[in-house]
Amino acid sequence: MPELREKLWQNVKRLQSGLKERGFDIGNTNSPVTPIYMKGDVPEATQMVMDLRENYHIFCSIVVYPVIPKGDIIYRIIPTAAHSDKDIDETLKAFEETKKKLDAGAYKAVDIPDMAEVI
């Protein structure tokens, strides 16, 4: 079904160009698998991917240390031929919103108090 292949690549182009236009670093990819490079630690990456899944209904995977250097995060999303333009627009908006949260420190893990210091 060549029309599905064509729709897939239309969606890939729409998503990837939309991410680039919004200032996201997606590296150099020739695949529907779209990496999004960001800075942060493992707990932040985990919190952000949970936010994307639970609040924006977007599934993506993360690649973190020790696979890549500490402080780097790679989010991986894969558009399909079944996604609509609306789905892609919502994904772009979700990444804009969650990136702002990441940059603002909203995904930082709360420090666990030293119980010896608690009176």
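Within the straight-line cut-off of under 23 Å between alpha carbons, the lysines reachable from Lys93 are Lys7, Lys13, Lys20, Lys39, Lys101, Lys108, sequence neighbours fewer than 8 places apart in one chain being disregarded. For the chain, the longest principal axis of the C-alpha atoms and the axis of helix 85-104 are separated by about 20°. Tilt of helix 42-56 relative to the longest C-alpha principal axis of the chain, in degrees (0 to 90, nearest 10)? That works out to roughly 50 degrees.
In units of the rule-of-thumb radius 2.2 N^0.38 Å, region 2-103 shows an alpha carbon radius of gyration of 1.05.
List the relative contact order of region 2-103 as a percent without decimals, with contacts defined as Cα pairs under 8 Å and 6+ residues apart. RCO, region 2-103: 33 percent.
Helix content alone sets the calculated 222 nm mean residue ellipticity of the chain: runs of n ≥ 4 DSSP H residues at -39500 (n - 2.57) each, divided across all residues, give -15500 deg cm²/dmol.
Rounded to the nearest 10 degrees, the angle from helix 2-21 to the longest Cα principal axis of the chain is 40 degrees.
Read-outs throughout are calculated quantities, based only on the coordinates presented, and are distinct from any laboratory measurement. Bear in mind the structure is a predicted one, so any value in this text is a computation, not a measurement.
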